[in-house]
Amino acid sequence: MKKIILFNLFILSGMEMFAQNFYDRATVQTIEIFFGFTNWDSQLDAATSTDTYIIADSVRINGITFDSVGVKYKGNSSYNPNNNKNPLHLELDHIIGSQDYEGYTDVKLQNGYSDPSMIREVLSYSILEQYMDCPKANFSNVYINGTLRGLYSNAESINKKFNGDHYFMSNESFFKCNPVGGAGPGSTSNPDLKYISMDSSAYFNGYELKSTYGWNRLVDLINTLNNDVTNIESKLDVDRALWMLAFNNVLVNLDSYSGAFRQNYYLSWDLNARFVPTIWDLNMCFGGFPGGTGSGAYTATTLDPMSNSTSTNHPLIVKMMANPLYKRMYMAHVRTIVQEIFTSQAYLTTANTLRATIDASVQADPYKFYTYTQFQNSLSTDIAGGGPPGSSIPGLQNLMGARSTYFSTNSNYILVAPSISSFGASNNTPAFGESIYITTTCSNESTVYLGYRLNHQLKFNRVQMFDDGTHGDGAAGDHIYGFPISLSGALFEYYIYAENSNAGLFSPQRAEHEYHSLAISIPFCNIGDVLINEIVASNTSSAYDSNGENDDWVELFNTTSSAIDLSGMYLSDDPINLMKWSFPIGTSIPANGYLMVWCDNDMGQTGLHTNFKLSSLGENLIFSNGATIYDQVLFGVQTADIAYARCPNGGLFSFATPTPNTTNNCEAAVAEIDEPLNIRAYPIPATDFIKFVSSEEEQLQLKIMDIQGRSMLNRILTSGEVEISISDWSNGVYYASIEKPNGKKVTITLMKN
């Protein structure tokens, strides 16, 4: 019989645990691109006509090298074949599919065109992230063939990973809302959400489909917006759209849906079967876009919040502003941004911090579009030149100081909203299944709403609250409002919205992006009661789901003699986001029994299907209650139709023939498979100690290092369990290297809280 060699690499990517490092705004990244030819610029220019990549021999990011990386120029007005510094898109996995940096496969680099401050994009995203999901962004120094090309802003790509992280669906309908071929004066194909017909081909030139399907959904959204707007909340995340419009207006971000070309946003299908808008491309924010609003002349400092509310080309704005509820919510968002960011001048603190971070890099940039003196003066001085002919780029402080003054007298802005003086629950420590009242005390209100959800991944339900004395609200007419809630979920997140005929107010003011929460007491199982028992991350024939698909799967095992309710429990492949997928309320696992979950990102199918897939190259799988890890498995490279399973049930992991929903039996595979190192570490994360359990007969060499490579521990492990104190270690990630005398080793990523 042919022997199967399996390399069990037990790698939990420490980089994924620190994904924010690549977008740390306090650090300028270093990106080096190496081509094996000298005419790389002309090749990149030539490739722009077909929007194709040329292949760099390698790319090095902060010292880590990637082979055969796809590189292309990107951008519309920011790209010019005569530029010495063009925007870049790097695709690390273009040739080698397993390559990523800290979990990111795409790197988007903006060249600072039309921005003497050099911080517009990064500053804008730092503001936007406080109100809606958006890309992370910071700065990178970029070198090509050893020569500095300059300082770039580095913004996270909006792609499947982004959608999965934020909207819990990574392989669903997904549109880049930019005209195919680029926008410009006289363009007849803009992603303006105007209704043309029910024929999806009528929209092909205005929107770019980034997924395998979705045109019918887009047409349905557009038809509903224009012709059946009362049902728009079933097709669109309206709150996210209102935040987008508020942000665009306050920050005079007109290279957007709110401007002349109605572009630069994405529409992503989320877990709630609706589209969610995401803003992108903010390098011309703060009045840097010369194209205007598309509705005649305007002045950036006095751009009215009702701009384009009667436009024939902006149906999203027109329909939102025509709805009194949406208009009041929109203006509440406008007030929040103005007051929190600009009236307070909080943005100046961030701006000056960013300027200090990049100051030396700006000075060293050989191809910057503006002088260093213009960079220094860009907060307080309007800068001419360097962008479109005849344009003047507003100084950030000049613009936003004038905007704050303008809003203080704007008729829609100064309308008086209600106040919300208190809110809470009738029981602050409720149990699962209990019914409670949420109450709030308001003044100057006419109507009060409660937005709530019982699962973090689901949309908020908005219901009207009552001041009638029968909803836990005290006496009728006392301005105390109440609403009953049955806690049939794993958690309770909520916000209050109060309005009168003029204006509205949210609590918290950043709702729905932020919210109040209430802990629900759920009778979780004990640690060890339910274990991850078997994993198949490369399934071609071991099992089939209800749709006849052979997808990745995991089997859980109940080690107890009683059935266990898994309500409130989660599976995740991301240690930063333990609540990635929740077990549906009422899911149970029988006594001494099994439960199969399909890890296939097909949540619309019948049965238990997660919103993530497993990697056959190895990764991490975590079973938790959203805060505490109950079981965690780090597995390496997988072979098709070979399970990584506990043998016997609940024991140590080994490779085995798959046995879904039945007793694991590793005997059939023992003769065929080289055993991995039988060692594990727990708990992860740990607080005061960590235990290593080895069933290896030989002595093992254990070395633990921190993320800077400094040695924390070097000792011998013998068979059995060893407890190591880590109470005096700093919180963070550590790497344990465990090696046999023959050189075979595993690496386990540890984490201390």
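Numbers below:
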| item | result |
| --- | --- |
| Among the candidates Asn558, Asn577, residue that is closer than 25 Å to Ile520 by Cα and open to solvent by less than 20 Å² (accessible area, probe 1.4 Å) | Asn558 |
| Scan of the stretch 318-328 for residues that are open to solvent by 10 Å² or more (accessible area, probe 1.4 Å) and among the aliphatic types (A, V, I, L, M), ordered by number | Val318, Met321, Ala322, Leu325 |
| Test: Thr230 is open to solvent by 10 Å² or more (accessible area, probe 1.4 Å) and over 22 Å from the mean Cα position of the chain (by Cα) | yes |
| From Tyr131, Tyr213, Tyr125, residue being on the phi < 0 side of the Ramachandran plot and more than 21 Å from the chain's Cα centre (by Cα) | Tyr213 |
| Single condition Pro575 does not satisfy, out of (1) without any contact (Cβ under 8 Å) to a residue 24 or more places away in the chain; (2) touching a helix residue (DSSP H, G or I) at 6+ places or on another chain (Cβ under 7 Å) | (1) |
| Residues (in a strand (DSSP E or B) and either without any contact (Cβ under 8 Å) to a residue 60 or more places away in the chain or crowded, with 22+ Cβ neighbours inside 10 Å (or both)) located in the stretch 151-176 | Leu151, Tyr152, Ser153, Asn154, Ala155, Glu156, Phe174, Phe175 |
| Number of the condition not met by Lys319 [criteria: (1) in contact with a helix residue (DSSP H, G or I) (Cβ under 6 Å, 6 or more places away or on another chain); (2) farther than 25 Å from Asp228 by Cβ; (3) of a type outside the set (A, V, I, L, M, F, W, C)] | (2) |
| Test for Thr278: is it touching a strand residue (DSSP E or B) at 6+ places or on another chain (Cβ under 7 Å), of a type in the set (Val, Ile, Thr) and either in a loop (DSSP other than H, G, I, E, B) or open to solvent by less than 10 Å² (accessible area, probe 1.4 Å) (or both) | yes |
| Filter result for Asn141 (closer than 21 Å to Glu32 by Cα and of a type outside the set (Lys, Arg)) | yes |
| Leu242 being under 21 Å from the mean Cα position of the chain (by Cα) and open to solvent by 20 Å² or more (accessible area, probe 1.4 Å) | no |
| Members of the stretch 250-265 that are open to solvent by 10 Å² or more (accessible area, probe 1.4 Å) and over 19 Å from Ile158 (Cβ atoms) | Ala260 |
| Residue identified as touching a residue at least 12 places away in the same chain (Cβ under 8 Å), of a type in the set (Phe, Trp, Tyr) and under 24 Å from Thr50 (Cβ atoms) among Tyr265, Tyr207 | Tyr207 |
| Test: residue in the stretch 212-220 that is surrounded by 19 or more Cβ atoms within 10 Å (Cβ to Cβ), among the hydrophobic types (A, V, I, L, M, F, W, C) and within 19 Å of Asn308 (Cβ to Cβ) | no |
| Residues located in the stretch 582-596, provided they are crowded, with 21+ Cβ neighbours inside 10 Å, in contact with a Leu (Cβ under 8 Å, 6 or more places away or on another chain) and touching a residue at least 40 places away in the same chain (Cβ under 8 Å) | Ile589 |
| 3 or more residues at pLDDT 95 or above, closer than 30 Å to Pro305 by Cα and open to solvent by 20 Å² or more (accessible area, probe 1.4 Å): qualifying strands (runs of 3 or more DSSP E) within the stretch 407-503 | 419-425, 447-453, 461-464 |
| Of all residues in the stretch 521-540 being modelled with pLDDT under 85 and not polar (S, T, N, Q), the one that is surrounded by the fewest Cβ atoms within 10 Å (Cβ to Cβ) | Pro523 |
| Single unsatisfied condition, Glu723 versus (1) at pLDDT below 75; (2) open to solvent by 40 Å² or more (accessible area, probe 1.4 Å); (3) assigned to a strand (DSSP E or B) | (1) |
| Test for Leu267: is it touching a Cys at 6+ places or on another chain (Cβ under 7 Å) and modelled with pLDDT of 95 or more | yes |
| Some residue of the stretch 347-368 being outside any helix (DSSP H, G or I) and open to solvent by less than 40 Å² (accessible area, probe 1.4 Å) | yes |
| Qualifying helices (runs of 4 or more DSSP H) (wholly inside the stretch 12-128; at least 1 residues being open to solvent by less than 40 Å² (accessible area, probe 1.4 Å) and at pLDDT 95 or above) | 40-48, 120-128 |
| Meets criteria (out of contact with any Pro (no Cβ under 9 Å at 6 or more places or on another chain) and either at pLDDT 95 or above or open to solvent by less than 10 Å² (accessible area, probe 1.4 Å) (or both)) for Lys136 | yes |
| Pick from the stretch 541-555, criterion hydroxyl-bearing (Ser, Thr, Tyr) and either open to solvent by less than 50 Å² (accessible area, probe 1.4 Å) or in contact (Cβ under 8 Å) with a residue 40 or more places away in the chain (or both), ranking: farthest from Ile522 (Cα to Cα) | Ser541 |
| Of residues in the stretch 640-658 being assigned to a loop (DSSP other than H, G, I, E, B) and in contact with a helix residue (DSSP H, G or I) (Cβ under 9 Å, 6 or more places away or on another chain), the one most open to solvent (accessible area, probe 1.4 Å) | Thr657 |
| Where Pro179 falls short, out of the listed (1) over 28 Å from Ser78 (Cβ atoms); (2) buried (at least 21 other Cβ atoms within 10 Å of the Cβ); (3) modelled with pLDDT under 95 | (1) |
| Flag if Asn313 is surrounded by 14 or more Cβ atoms within 10 Å (Cβ to Cβ) and without any contact (Cβ under 8 Å) to a residue 60 or more places away in the chain | no |
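For (1) at pLDDT 70 or above; (2) among the aromatic types (Phe, Trp, Tyr); (3) part of a loop (DSSP other than H, G, I, E, B); (4) open to solvent by less than 80 Å² (accessible area, probe 1.4 Å), each residue gets a yes or a no:
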site: Gly709; (1), (2), (3), (4): no, no, yes, yes
site: Leu713; (1), (2), (3), (4): yes, no, no, yes
site: Asp728; (1), (2), (3), (4): yes, no, yes, no
site: Ala736; (1), (2), (3), (4): yes, no, no, yes
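The values are calculated or read from the model by the stated rules, or taken from the named source; none is laboratory data. Given the structure is predicted, the values throughout are model-derived calculations rather than measurements. Counting neighbours? That spans all protein chains shown, and the Cβs are built from the backbone with ideal geometry, glycine included. In case anyone asks, the SASA skips ligands and DNA or RNA and just uses the protein heavy atoms, side chains included. Shrake-Rupley method; radii C 1.70, N 1.55, O 1.52, S 1.80 Å.
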